[in-house]
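Right, one structure below, let's go through it.
The values are calculated or read from the model by the stated rules, or taken from the named source; none is laboratory data. Keep in mind that what you see is a predicted model, and the values were worked out from it rather than measured. When we count neighbours, we look across all protein chains shown, and the Cβ atoms used for this are built from the backbone with ideal geometry, even at glycine. Just the protein is used for accessible areas: all its heavy atoms, side chains included, with ligands, DNA and RNA removed. Shrake-Rupley method; radii C 1.70, N 1.55, O 1.52, S 1.80 Å.
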Amino acid sequence: MGLTKTIIEQFGNRRLLWSLARSDFRTRYVGSYYGLVWEILQPLSLIFLFWFVFEFALGITTIEGVPFVLWFIIGLIPWFFFSDAWSNATNAFIQYSFLVKKMVFKVEILPTVKILSSLMTSAIFHVILVVFLIIYGEGARLSSLAILYYLFCTIALVWGLSLITSSVLVFFKDMRQLLTIILQFGIYLTPILWSQNAIPAKFHWFITINPMAYVVDGYRSAILGELTFDPLSTAIFWAMTISFVIVGSIVFQRLRPHLADVL
């Protein structure tokens, strides 16, 4: 019942959601002349750093027949969205504590507000990706439309996770540091810098239980025109994501009555 109510609130307040998300996106850069520029330059600097190290220092120019920088960017963009959305959504209740304290406000929409705000930033990186695709002569493919599905997968995954972490953070402030560590390890444990084919088959189970590996591989296969459907990986991803959503909804419903008191 709690999960159904939480989902209904998202759709029932969709106009408010988009309004708050747009406001949150603009608020990120208030007081900074180059706020959005720095938001873009930071990940771009990471891209060029790894590009230099792998292509020029280590001599790795291609991976699976794809130019390294292009292969890397395609995998990195969904990860940027995932990490940015999860980090921001985790802080939702604390950042909007003045709304949480209003008894009539549907606070369950606040993590979603932060996710949609991060989606707007991600849209800019998708434009940058298109530029790189044009530079490397990759034409438009019908299979690229599948990234809309993988974006939905990422949103659902982050939403479930953020319901847990945003609720717990109010009571356990160290959750923020724990999340930082998880994301730091996560970027290296997800096939962004390396190919699944580079690790022994006996360790492939570890990739299978990493939900972002499913999204990253999906992005690459969709954009590079090698889209395939793996029923097992899809089933595992959605089983994990739905589990996170269910657990997140339970945690939120249990802690919701106490949020305003602690804040």
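When a 1.4 Å probe is rolled over the protein heavy atoms, the share of accessible surface on the chain that falls to carbon and sulfur comes to 70 percent.
Result for the chain in a Gaussian network model with C-alpha springs under 10 Å: among Thr241, Thr165, Thr27, the largest mean-square fluctuation is at Thr27. Against the main long axis of the alpha-carbon atoms of the chain, helix 2-12 sits at an angle near 80°. Extending 7 Å from the Cα toward the beta-carbon at both Leu142 and Ser195 defines two label points whose distance is 2.7 nm. Adding -39500 (n - 2.57) for every DSSP H run of four residues or longer, then dividing by how many residues the chain holds, sets the calculated 222 nm ellipticity at -23500 deg cm²/dmol. Checking every one of the GluC sites (Glu not before Pro) in segment 41-145 against DSSP loop status and a limit of 13 other Cβ atoms within 10 Å picks out Glu64. Over 30 Å between C-alpha atoms is what I'm after, so list which of Lys106/Lys173; Lys173/Lys202; Lys5/Lys173 land there. Over 30 Å Cα-Cα: Lys173/Lys202. Distant-in-sequence amide contacts of Ile63, defined by a placed amide H-H separation under 5 Å and a gap of 5 or more residues or a different chain, comprise Phe68. Entry comment: accessible area of segment 1-129 is 51 Å² per residue, from protein heavy atoms only and a probe of 1.4 Å.
P(r) for segment 203-260, from all Cα pairs and a bin width of 10 Å, is 20, 37, 22, 15, 5 %, short bins first.
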